[in-house]
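Reviewing the structure listed below.
The values are calculated or read from the model by the stated rules, or taken from the named source; none is laboratory data. It should be emphasised that the depicted structure is a prediction, and the values quoted were computed from it without experimental measurement. Note that we place each Cβ from the backbone using ideal geometry, even for glycine, and neighbour counts take in every protein chain shown. Heavy atoms of the whole protein, side chains included, go into the accessibility calculation; ligands, DNA and RNA do not. Shrake-Rupley method; radii C 1.70, N 1.55, O 1.52, S 1.80 Å.
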Amino acid sequence: PEKLAAFQARIDAGEKIEPKDWMPQGYRKTLIRQIGQHAHSEIVGTLPEGNWVTRAPTLERKAILLAKVQDEAGHGLYLYCAAETLGVSRDEMTEMLLDGRMKYSSIFNYPSLNWADIGAIGWLVDGAAIMNQVPLQRTSYGPYSRAMIRICKEESFHQRQGYDAIRACAEGTPAQKKMAQDALNRFWYPSLMMFGPPDGDSVHSEQSMAWKIKINTNDELRQKFVDQTVPQAEFLGLTVPDENLKWNEERGHYDFSQPDWSEFFDVIKGNGPCNVDRLADRNKAWDDGAWVREGMLAHARKKAAAKVAAE
Amino acid sequence: PEKLAAFQARIDAGEKIEPKDWMPQGYRKTLIRQIGQHAHSEIVGTLPEGNWVTRAPTLERKAILLAKVQDEAGHGLYLYCAAETLGVSRDEMTEMLLDGRMKYSSIFNYPSLNWADIGAIGWLVDGAAIMNQVPLQRTSYGPYSRAMIRICKEESFHQRQGYDAIRACAEGTPAQKKMAQDALNRFWYPSLMMFGPPDGDSVHSEQSMAWKIKINTNDELRQKFVDQTVPQAEFLGLTVPDENLKWNEERGHYDFSQPDWSEFFDVIKGNGPCNVDRLADRNKAWDDGAWVREGMLAHARKKAAAKVAAE
Amino acid sequence: MTRNEALFEFLQRMGDNTLILGHRISEWCGMAPVLEEDIALSNTALDFIGQTQFWLGYAGEVEGEGRDADRLAFHRDAWDFRNVLLVEMPNGDFGQTIMRQFLFDAWHSIYIARLIKSSDARVAEIAEKASKEIAYHLERSADTVVALGDGTEESHARMQKALDYLYPYVGEMFLSDEVDAEMIAAGIAPDPSTLRDEYDALVQKVMDEATLSIPGNRFAQKGGKTGTMHTEHLGHLLCSMQWLQRAYPDGNW
Amino acid sequence: MTRNEALFEFLQRMGDNTLILGHRISEWCGMAPVLEEDIALSNTALDFIGQTQFWLGYAGEVEGEGRDADRLAFHRDAWDFRNVLLVEMPNGDFGQTIMRQFLFDAWHSIYIARLIKSSDARVAEIAEKASKEIAYHLERSADTVVALGDGTEESHARMQKALDYLYPYVGEMFLSDEVDAEMIAAGIAPDPSTLRDEYDALVQKVMDEATLSIPGNRFAQKGGKTGTMHTEHLGHLLCSMQWLQRAYPDGNW
């Protein structure tokens, strides 16, 4: 309890906690869950994008998307490394992802169905992710905070590219414009869900905020996202699929409809449109790759042994 | 030797040999090889067509192609049954195909690269096959002869449909016409090869002709094929890729260039453009299907056992 | 939505189901586990393509904008397809293919029986023609599901896996929407939601024989029939299916 | 064939090799055996797409008919592609992918080194830029081939199988034709047939380290570089790669 108070005091003073410092089990567990989930999201998130890498409409867009996917795999690496400082290996976390013990962001359980979805994912999904992540640059755990600083810089780049891609559609032929609107229709509410359930229903929140693992409330961030995104949609000439969306002069914010939270919980339970296929893809990649990992390991051992023998 | 003479006398008299009749080992062996190879060709021949079933340009063409593929699998069945009357099972023959001990027609080691190829296969490949097969309706072995009668009827239907498909291309847009010409360019010489090497170089021929397993010589059939096909190509407005092609008034036949026989022997040796992929596809189908065949067999046994128990 | 618009939607639903499933089956060409199945699969695909020509041909007439069956089949993008998600699911192994077939055939046979009595003469006529083929499909797919479910340990496990994977796509076939409401009102087609009991009884009977367990979770994936959200699989299917028409839009084939 | 026509052919050959191989690698997206390989594969694909933009961009200028790199990439049918067959072969397992990569990288690095000294300034400039990337690709693919060849029994067997499968596609990279003759005469590009010894030495060295045996059969499959006969695989690749451009030819992306 004394230790706990000292720990909390450090956090309150804005100090960073480092891997070798003492920390409460709950803090460690919560961080592992959160960082792991974030890492998994980077990896699983490449699947809906990979779905269009092979169908990108120009060489330039294809290159941009490949670079993005490469960045995301890189983010996955940083985050797994950050989580490893808490005493859990990348392989362990991968196994937990593959057998369903650990989650990834539910947004990636929605399909990417037309090219404009790739734009929408950059604009809305990365946009919402950044909104979640920017405050986390100030999170209390040092390695996590440093990873977030690196990641946020690249993410905002991705968001601009995504916006540019959907803008090209929105300004294009009627069919392209239809793609852009269709993408917005399908991704709007799932993006709002990315901030988590309304504050009243959110578990884990209070303690996480005290520990500065979480900085803002879900509803705060959601409002901020809506306020930022609506004018962008208007600029594109697209219609946000919400009849109740209206600027509230008094609040200085947009009023908007809540997403269908029963759908959110369905997706979390595994009933999203792509849950099964996403996990099956990751499992297949992992299983098919077993011989490669084993082969590389065996070779590395042979080389190390040969080196020792030569010394 | 007495038996052999009596056997030959029956053949010379135009009698049919039936499964339970005595026959020389060589006759049996040659027939198994020939019928088996023919059966395998029907099966492997569906692969270049299957390659375009999923990309057929109209519902009608797709339906026609599906019906053709279905017929060919049916021909495979008749022929395997005919071969089984000679004491070799379908599974044995399949194994021999899969491990390379038995062959299939080399023509199917060429790829189908554009839609007009499907027309060309019907027109030229089925055309050449019919030319080979029509005389075989009079072959000495009863079950084979009867199978050929059934098959020839359907094949000539396929040939007309193939001609119609390539005609649509030849009469279509410039791009379509280019497809048709490209298909003819690639399939002309391989089709000429379907009659086998020049008579001088052909093994097995003399004995097979005495036994009426083979009715005409390779060169006779090849000439007949050229004479029939050239006017059809002219009608389509396509150019046969042979600078030496010319009507020879004196002979009453077309003069034409021989195919590159070294290519023919390369393909037979396994170096054709598709040999490896075709056999790999058949092996994959067979291996992937093992559990299905076993499951069906197990169920059939259970049902039979239950029936016995109930009696 | 006018009655005509609803009829156009309804006909696309019928035609897209057979088009997409027919296409999926045709992907097996030359790759089936045994020759008899090669023949059966191409025969089924052929039946479906034929039914597609009727349904989409009529759809084009009803729409009245000069699109024929081929135009509808080869020049719509994924969002304009109205097939249920079940039929666009990938072939997987032969077990998944035949399970998908059975789950669809069972619905198809029940639904088509009602359409034979449609107030729309054309619909009734197409249904009448198709119903014999469909009855045969059902007999065949049910027999195969039973044989493989009640075959070896491996075949049983594969069939159970296929059923578990595909069952979430069953519910969509029984969802009713405003298109259905229009069709019901006009006496053209039945209310899909009223057919579920009959379907469940049929599926239960076959699964019992096949010694397979129907999953308890009745959650239904949806969005295909309405076109609001297909799976990622459909787009890839269209890449092949529509390739030639897209690359050579002026062709006469 | 005029010099300009030959140059156009030559540039398509260069650009189509990188376009098609880049595309093949990009099919791995999200599916690699380990995260580091995911990163490496997308990086390689990215390099190739970048090189494609240079080669095909220049090709379009040389042709002078207003086609840019995108137009060439997305609006030619299979017969107009000039890549060697090797790069259009399917990914297969990771071993096949990395073996294909090495067999190509080895040729690419030797060939590009000559192009740096090209009499055509643009060619020399593109080659110069690409050569660093290519050297890195070669280092990486060679290392991986060695690690997996000399890894476990299974990885060894898979790598040998990949080598046996792909080796017939090596010879085409060293065939010379009239396009090459024009390029040699103009000092633009080397005679591919003169590079085989250097290639063989490099491949032999790596295969020795990888404990893999180079097949004795030197039969060379050909037809890609000249466009006369690609494999059936290319058409399917184009179905995906060109889908969007074909379906929406008026789009601005």
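Scan the range A:275-285 for residues that are more than 14 Å from chain D (Cβ to nearest Cβ) and touching a residue at least 24 places away in the same chain (Cβ under 8 Å) and jot them down.
Answer for the range A:275-285, where residues must be more than 14 Å from chain D (Cβ to nearest Cβ) and touching a residue at least 24 places away in the same chain (Cβ under 8 Å): just A:Asn275.
D:Ile184: away from chain A (no Cβ under 14 Å), over 20 Å from the mean Cα position of the chain (by Cα) and surrounded by 15 or more Cβ atoms within 10 Å (Cβ to Cβ), yes or no?
Yes, satisfied.
Based on this model, can you work out whether C:Arg82 counts as over 26 Å from C:Glu125 (Cα atoms), touching a residue at least 24 places away in the same chain (Cβ under 8 Å) and among the basic types (Lys, Arg)?
Numbers: over 26 Å from C:Glu125 (Cα atoms): no; touching a residue at least 24 places away in the same chain (Cβ under 8 Å): yes; among the basic types (Lys, Arg): yes.
The answer is no for C:Arg82.
Give me the pairs, please: first residue somewhere in the range B:218-232 and free of Cβ contacts under 8 Å to residues at least 40 places away in the same chain, second residue anywhere and open to solvent by 10 Å² or more (accessible area, probe 1.4 Å) and in a helix (DSSP H, G or I), beta-carbon distance under 7 Å, and either six or more positions apart or on two chains.
B:Asn218/B:Asp199; B:Asp219/B:Asp199
Let me confirm something: among A:Ser112, A:Ser41, A:Ser140, A:Ser105, which residue is within 12 Å of another protein chain (Cβ to nearest Cβ), polar (S, T, N, Q) and touching a residue at least 60 places away in the same chain (Cβ under 8 Å)? Give the steps one after another, and end with the answer.
On the way: A:Ser41 fails: within 12 Å of another protein chain (Cβ to nearest Cβ); A:Ser140 fails: within 12 Å of another protein chain (Cβ to nearest Cβ); A:Ser105 fails: within 12 Å of another protein chain (Cβ to nearest Cβ).
Going through A:Ser112, A:Ser41, A:Ser140, A:Ser105 in turn, just one is within 12 Å of another protein chain (Cβ to nearest Cβ), polar (S, T, N, Q) and touching a residue at least 60 places away in the same chain (Cβ under 8 Å): A:Ser112.
Please find, within the range B:290-306, the residue that is surrounded by the most Cβ atoms within 10 Å (Cβ to Cβ) out of those that are more than 7 Å from every other protein chain (Cβ to nearest Cβ) and among the basic types (Lys, Arg). Even if it seems obvious, please write down each step before you answer.
We begin by selecting, within the range B:290-306, every residue more than 7 Å from every other protein chain (Cβ to nearest Cβ); these are B:290, B:297, B:300-301, B:303-306.
Still in the list and also among the basic types (Lys, Arg): B:301, B:303.
On the way: B:Arg301: 11, B:Lys303: 13.
If we take residues in the range B:290-306 being more than 7 Å from every other protein chain (Cβ to nearest Cβ) and among the basic types (Lys, Arg), then B:Lys303 is surrounded by the most Cβ atoms within 10 Å (Cβ to Cβ).
Just to verify a result, which residue in the range D:202-212, among those that are closer than 20 Å to A:Lys302 by Cα and not hydrophobic (A, V, I, L, M, F, W, C), is most open to solvent (accessible area, probe 1.4 Å)?
Among those residues, the one meeting the criterion is D:Lys205.
For the condition touching a residue at least 40 places away in the same chain (Cβ under 8 Å), exposed (fewer than 15 other Cβ atoms within 10 Å of the Cβ) and small (Gly, Ala, Ser), what is the one hit in B:Gly272, B:Gly237?
B:Gly237
Of all residues being closer than 23 Å to A:Gly142 by Cα and in a loop (DSSP other than H, G, I, E, B) in the range A:196-233, which is modelled with the lowest pLDDT? Just the residue, please.
Going through the qualifying residues, I end up with A:His204.
Tally the residues that are within 14 Å of chain A (Cβ to nearest Cβ), in contact with a Leu (Cβ under 9 Å, 6 or more places away or on another chain) and in contact (Cβ under 8 Å) with a residue 40 or more places away in the chain, restricting the search to the range D:66-79.
So the answer is 5.
Filter the range D:149-173 for residues that are in contact (Cβ under 8 Å) with a residue 60 or more places away in the chain and over 30 Å from A:Ala298 (Cβ atoms); which is nearest to the other protein chains (Cβ to nearest Cβ)?
D:Glu172
Scanning for something open to solvent by 20 Å² or more (accessible area, probe 1.4 Å), within 30 Å of A:Asp281 (Cα to Cα) and in contact with a Phe, Trp or Tyr (Cβ under 9 Å, 6 or more places away or on another chain), does the range C:161-168 turn up at least one residue?
There is at least one residue in the range C:161-168 that is open to solvent by 20 Å² or more (accessible area, probe 1.4 Å), within 30 Å of A:Asp281 (Cα to Cα) and in contact with a Phe, Trp or Tyr (Cβ under 9 Å, 6 or more places away or on another chain).
B:Asp287 is checked against (1) assigned to a helix (DSSP H, G or I); (2) open to solvent by less than 30 Å² (accessible area, probe 1.4 Å) and fails just one. What number does that condition carry?
Among (1) assigned to a helix (DSSP H, G or I); (2) open to solvent by less than 30 Å² (accessible area, probe 1.4 Å), B:Asp287 violates only (2).
When you look at D:Asp16, is it more than 30 Å from A:Tyr80 (Cα to Cα) and open to solvent by less than 10 Å² (accessible area, probe 1.4 Å), yes or no? Working first, answer last.
Values: more than 30 Å from A:Tyr80 (Cα to Cα): yes; open to solvent by less than 10 Å² (accessible area, probe 1.4 Å): yes.
Yes, satisfied.
Over 30 Å from A:Val292 (Cα atoms), more than 14 Å from chain A (Cβ to nearest Cβ) and part of a helix (DSSP H, G or I): does that describe D:Val203?
no
List the number of the failed condition for D:Ala32; all other conditions in (1) within 12 Å of another protein chain (Cβ to nearest Cβ); (2) in a helix (DSSP H, G or I); (3) open to solvent by less than 20 Å² (accessible area, probe 1.4 Å) hold.
Every condition holds for D:Ala32 apart from (2).
Whether any residue in the range B:33-41 is open to solvent by less than 40 Å² (accessible area, probe 1.4 Å) and within 30 Å of C:Phe74 (Cβ to Cβ) is what I want to check.
no
Take C:Trp55 and decide whether it is more than 20 Å from B:Arg55 (Cα to Cα) and either touching a residue at least 40 places away in the same chain (Cβ under 8 Å) or under 12 Å from the mean Cα position of the chain (by Cα) (or both).
Yes: the conditions hold for C:Trp55.
Of the conditions (1) within 24 Å of A:Lys29 (Cβ to Cβ); (2) within 18 Å of the chain's Cα centre (by Cα); (3) part of a helix (DSSP H, G or I), A:Trp188 clears all except one; give me its number.
(1)
Right, D:Ile49: in a helix (DSSP H, G or I), open to solvent by 20 Å² or more (accessible area, probe 1.4 Å) and within 10 Å of chain A (Cβ to nearest Cβ) or not? Working first, answer last.
Details: in a helix (DSSP H, G or I): yes; open to solvent by 20 Å² or more (accessible area, probe 1.4 Å): no; within 10 Å of chain A (Cβ to nearest Cβ): yes.
Spelling it out, it is not the case that D:Ile49 is in a helix (DSSP H, G or I), open to solvent by 20 Å² or more (accessible area, probe 1.4 Å) and within 10 Å of chain A (Cβ to nearest Cβ).
Within the range B:61-86, track down each residue that is at pLDDT 95 or above, open to solvent by 40 Å² or more (accessible area, probe 1.4 Å) and over 30 Å from C:Trp253 (Cα atoms).
If the condition is that a residue be at pLDDT 95 or above, open to solvent by 40 Å² or more (accessible area, probe 1.4 Å) and over 30 Å from C:Trp253 (Cα atoms), then B:Cys81, B:Glu84, B:Thr85 are the ones that fit.
Taking the condition of being within 29 Å of B:Lys269 (Cα to Cα) and in contact with a Ser or Thr (Cβ under 6 Å, 6 or more places away or on another chain), how many residues in the range D:177-230 meet it?
Residues in the range D:177-230 being within 29 Å of B:Lys269 (Cα to Cα) and in contact with a Ser or Thr (Cβ under 6 Å, 6 or more places away or on another chain): 2 in total.
Every residue in the range D:226-242 that is part of a loop (DSSP other than H, G, I, E, B), away from chain B (no Cβ under 12 Å) and touching a helix residue (DSSP H, G or I) at 6+ places or on another chain (Cβ under 6 Å), please.
D:Gln242 - this is the single residue of the range D:226-242 that is part of a loop (DSSP other than H, G, I, E, B), away from chain B (no Cβ under 12 Å) and touching a helix residue (DSSP H, G or I) at 6+ places or on another chain (Cβ under 6 Å).
Just name the residue that is farthest from the other protein chains (Cβ to nearest Cβ) out of those in the range D:207-225 that are farther than 19 Å from D:Met89 by Cβ and at pLDDT 95 or above.
Checking each candidate, the answer is D:Ser213.
Only one of (1) farther than 30 Å from D:Ala162 by Cβ; (2) within 11 Å of another protein chain (Cβ to nearest Cβ) fails for B:Glu250. Which number is that?
(2)
Just give me the residues in the range B:49-81 being among the small types (Gly, Ala, Ser) and part of a helix (DSSP H, G or I), in sequence order.
Within the range B:49-81, B:Gly50, B:Ala63, B:Ala67, B:Ala73, B:Gly74, B:Gly76 meet the criteria.
Working only within the range B:87-101, note down all residues that are open to solvent by 10 Å² or more (accessible area, probe 1.4 Å) and in a helix (DSSP H, G or I).
Across the range B:87-101, the qualifying residues are B:Arg90, B:Asp91, B:Glu92, B:Thr94, B:Glu95, B:Met96, B:Leu98.
Being open to solvent by 30 Å² or more (accessible area, probe 1.4 Å) and over 18 Å from the mean Cα position of the chain (by Cα) is the filter here; which residues of the range A:199-218 pass it?
A:Asp199, A:Gly200, A:Asp201, A:Val203, A:His204, A:Glu206, A:Gln207, A:Met209, A:Ala210, A:Lys212
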